[in-house]
Every structure is written in structure tokens, then in C-alpha cells.
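Worksheet: the structure to be examined is printed underneath.
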Ligand code: DUC
Ligand code: ZN
Ligand code: ZN
Ligand code: ZN
């Protein structure tokens, strides 16, 4: 089966050019000059499908390297399943997710990994892979890291917050880092000083400060910066590469940038909510509505300039990529668990559907280039997490995961039109220039001009290699 995507501008992390893309079955067969005579008339006449991309961008399928489908958390579970969440991702031009298998404190890592495999198998509309959360670092879980690397899980997330659920102390962090330095794994860090946050939360509750706005106020930037710096130093001590997830404080970026300047393998991701949303907007929300923006790390002050600093860091490569940390909880029955006590609001925002659009608005407003958009949403995630070549690039031999993105059109995001299993949108009314026209996942067109043609179970598990991004 042959498909030709013709007339579009193929955008890669290094440049853009008018080109035609020939897809054979599940794979990219060739990238050709427009109208190339290499394809004879008979061949062209026999093509199974021609996609006209004139005036549009042809980009590698998006890779969202940080999602939490149906993750049990805060007494409930993230509202998107692997089925609904990957379908929503497809609508937004994401063709691969890397989700997290979760070991809570006291559980066996490999048993949990098997359980996560079970949850996702046969459900996903797009290809998927896993990181492993280590909620308990001990001899058994350290040995499991080696096993998991053989299973295609080459990155491990630790937490410096969430006592009794996930938190690792500094000694445990060093042990996991020593193992990663040895086995080639990439250590991912939730960098917030949980002990200080727990104290500030208790003090706030004692003062009767129970509303959602106190979530952000009890997680000040110092708690993120301090933990980020500590993680960087411990990584330096052990020689492990470090990837700091969901960075939102400009001071934390500064610590990452300094480490990178010394040649240390330290990387950072930010998320659309830290690029566009702010604490001030959350504080301005009426009643309990602010709960819709409760996520960790929290939204930060626009007055202090964190959002603009995130964009700058993306331009300078102080931060390497944008993932969503998609962890949706409905208002009804889920976020509501925190009425009267903000510490009980399940943490998370749902954005898996909107990442390409939201980061593209940075291109529209001149904050980043078109090529950088592709790099931070598609190419670097593939390199960082060991799937580049198969994913993240439009070149012969790569999987035909391709998005035709139309720079025309103007819409706004709404709960009424999104496809996530979520009863509100943190992005309600956010205006978007451009839109996803066509999405191809391993050669199958799964989104075509506003219609969904995907199916649960089309997505395959991706065994990842070691990071291809290390210095
Ligand atoms: N942050 C969130 O907002 N949700 C899930 C876990 C996390 O670290
Ligand atoms: Zn986290
Ligand atoms: Zn997360
Ligand atoms: Zn269009």
C-alpha cells in the first residue's frame, strides 16, 4: 500500500523544505523533491492514496514523553484510560506516548510493570512506551531496573515529594543514581522539597486556608529550586544522567542551565501549562474552580516572569522538550475531593490533546521557530528516550507517524469539543491559530479532516533503547 503526501513543507528540527513523502505500508519509503520524476507516471497512477498538503506543514508525529493514563493517585485515578487518552492524543497530532508504570511504596516493581502492561495492551490508538516510577528504592527495585532496561524501559522516575506514596530520601536517590550510572538508565526527578511543602501545607490548614489557591502558595519556587539543585548535585556525585520533569520555576531552570554549562548530563522538560497559565489566573478563579489548575509543580506567578523564562529556556536549549504531564481529574467526584482541604485535590491537568497546538502558538507569537517546535515536541523526545530513528523524524526507514498541520484557521479550546475524558478544560477559551488536519500512525490515517479513523489496539508497545541524547 502506497501513500504520497504531496505539496507540503516538511519541517524537521534542522530545517524546512517543500517535499513529498512516500509511505509504503507502515514505513516512510522516501522523501522526494516535489513532483520528483523518480516516481514514474504508472507508479503515481497506481498510488493507493494521495494526501494534498499544499500550504501545510508535514511534521513527525508528536511524542508526549510524560503522561499518566488511569494512574491511581490521591484516592482516585486519572480519568483518561489508555483507550480514551490515546484517542485524544491522536486528535492532537501525538502518535506516541511514554506513560509511567507505577510502583507505590511497598509494592513490587516488576509486578507493577506487568500490571501496567495489562492495562495498556489492546487499548491504545497510538504507539506507547513506559517509564518506571520507583516509589520504593531497595535491593529488589534496584535489581528490577536492570531487568526493565531489557524490557525497553530505560528511564526511572523518583520523587523528592509525596511522603508515604512516592518519596525517596537522599540516600535512596543516590542508590538509584549509582545504579543508573552503572546500567545506562536515565534518572527522572520530581524535584520539589516535600518535607518543606508538607510543613507549609499543615501551617496553611491550621490558619484555615483551605481553598485551591493555597496549593500554589504552599509550593513556592524555593522548594522547586532547592530540590532541583540537590538532585543535580547528587547526579554529579554519582555520574548519573538526570532529567528534571515538569520544570516551572525560572530559578530551577537557572540551576539546570548552570549544570549543563559545566558539561553535566542534566536535562529539563516543561509543560504547556507552565508556558501559558499562571498563578494569578488561578487565584482569580471563582470558588473552587481554581482546583482545575492544581498540578505539581504548581502554576507560577506571571509577575515574576516564569512563563517567559520557560520560553527563553526552550529557545536556548536550557530546557530540551515539552511534555504534558497529562494527569486529568474531573471536577465532579475527583477534584471535589479537596473541597475544604486543598491538600486533598488530586494533582494534575489534562492536556494530551493540545500539546502540539499550544506549543505551536509559540511559533505564531514569535517565541520559537517552526523547527524548534518540531524539535521540542517530536524529535528530542525520541532522542531523549531511545526511540529516535524509528520515531521523531521523517526519513526513509522511520515509522510513518506523520502529522499534516494546517497553519490556517482559528479555534478555541473547550470542554465541549475536546476528546479527553474530562468534564472541564484547564484551557477553556484558549485561542489557537492553526490545526491538525491529518494524523498518520504507522501508515494508517487515524485523523482525517476532523474525523477519527483510529482504533483501540492499533497502538503497539515500543521497547525503548538507552537515551540517545547524552553528552
Ligand atoms: N504532578 C501532577 O500534577 N500530577 C501527577 C503527579 C505529579 O507529579
Ligand atoms: Zn512529578
Ligand atoms: Zn507526572
Ligand atoms: Zn485544515
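The values are calculated or read from the model by the stated rules, or taken from the named source; none is laboratory data. These numbers were taken from a predicted model, which means no experiment stands behind them. Backbone-built Cβ (ideal geometry, glycine too); neighbour counts: all protein chains shown.
Just to be sure I understand, how many residues within segment 337-370 are buried (at least 17 other Cβ atoms within 10 Å of the Cβ), in contact (Cβ under 8 Å) with a residue 24 or more places away in the chain, assigned to a helix (DSSP H, G or I) and away from ligand 1 (no atom under 16 Å from the Cβ)? First the steps, then the outcome.
Of all residues in segment 337-370, those buried (at least 17 other Cβ atoms within 10 Å of the Cβ) come to 338, 342-343, 345-363, 367-368, 370.
Keeping just the survivors that are in contact (Cβ under 8 Å) with a residue 24 or more places away in the chain gives 338, 342-343, 345-362, 367-368, 370.
Narrowing further to those that are assigned to a helix (DSSP H, G or I): 338, 342-343, 355-362, 370.
If we keep only those that are away from ligand 1 (no atom under 16 Å from the Cβ) too, we end up with 356-362, 370.
So the answer is 8.
Within the group 330, 271, which residue is within 15 Å of ligand 1 (Cβ to nearest atom) and within 24 Å of residue 186 (Cα to Cα)?
Numbers: 330 fails: within 24 Å of residue 186 (Cα to Cα).
From the options 330, 271, the qualifying one is 271.
Across segment 423-453, what is the number of residues that are over 21 Å from the mean Cα position of the chain (by Cα), under 22 Å from residue 23 (Cα atoms) and more than 14 Å from ligand 4 (Cβ to nearest atom)?
Within segment 423-453, residues that are over 21 Å from the mean Cα position of the chain (by Cα), under 22 Å from residue 23 (Cα atoms) and more than 14 Å from ligand 4 (Cβ to nearest atom) number 5.
So, in segment 61-86, exactly how many residues are more than 25 Å from residue 162 (Cβ to Cβ) and touching a strand residue (DSSP E or B) at 6+ places or on another chain (Cβ under 7 Å)? Before the answer, list the steps.
Narrowing segment 61-86 to residues more than 25 Å from residue 162 (Cβ to Cβ): 61-63, 83-84, 86.
Next cut, touching a strand residue (DSSP E or B) at 6+ places or on another chain (Cβ under 7 Å) only: 61-63, 86.
So the count comes out to 4.
With modelled with pLDDT of 95 or more, assigned to a strand (DSSP E or B) and within 30 Å of residue 190 (Cα to Cα) as the only criterion, which of 88, 30, 65 stands out?
Being modelled with pLDDT of 95 or more, assigned to a strand (DSSP E or B) and within 30 Å of residue 190 (Cα to Cα) holds for just one of 88, 30, 65, which is 65.
For segment 197-222, how many residues are closer than 21 Å to residue 235 by Cβ and either without any contact (Cβ under 8 Å) to a residue 40 or more places away in the chain or surrounded by fewer than 17 Cβ atoms within 10 Å (Cβ to Cβ) (or both)?
Number of matching residues: 1.
Restricting to segment 322-336, name every residue that is within 16 Å of ligand 3 (Cβ to nearest atom) and outside any loop (DSSP other than H, G, I, E, B).
Selection gives 322, 326.
Against the conditions (1) over 21 Å from residue 90 (Cβ atoms); (2) within 16 Å of ligand 4 (Cβ to nearest atom), where does residue 341 fall short? Just the number, please.
So the condition that residue 341 fails would be (2).
Taking residue 255 as the residue in question, decide whether it is free of Cβ contacts under 8 Å to residues at least 24 places away in the same chain, more than 24 Å from residue 99 (Cβ to Cβ) and more than 16 Å from ligand 3 (Cβ to nearest atom).
No: the conditions fail for residue 255.
Could you tell me which numbered condition residue 75 fails, if it satisfies all but one of (1) within 16 Å of ligand 1 (Cβ to nearest atom); (2) at pLDDT 95 or above?
With (1) within 16 Å of ligand 1 (Cβ to nearest atom); (2) at pLDDT 95 or above applied to residue 75, the lone miss is (2).
Go through segment 300-311 residue by residue and tally those that are under 19 Å from residue 256 (Cα atoms), away from ligand 2 (no atom under 16 Å from the Cβ) and in a loop (DSSP other than H, G, I, E, B).
2
Do you know which of the residues in segment 243-299 that are at pLDDT below 95 and buried (at least 16 other Cβ atoms within 10 Å of the Cβ) is farthest from ligand 2 (Cβ to nearest atom)?
Among those residues, the one meeting the criterion is 283.
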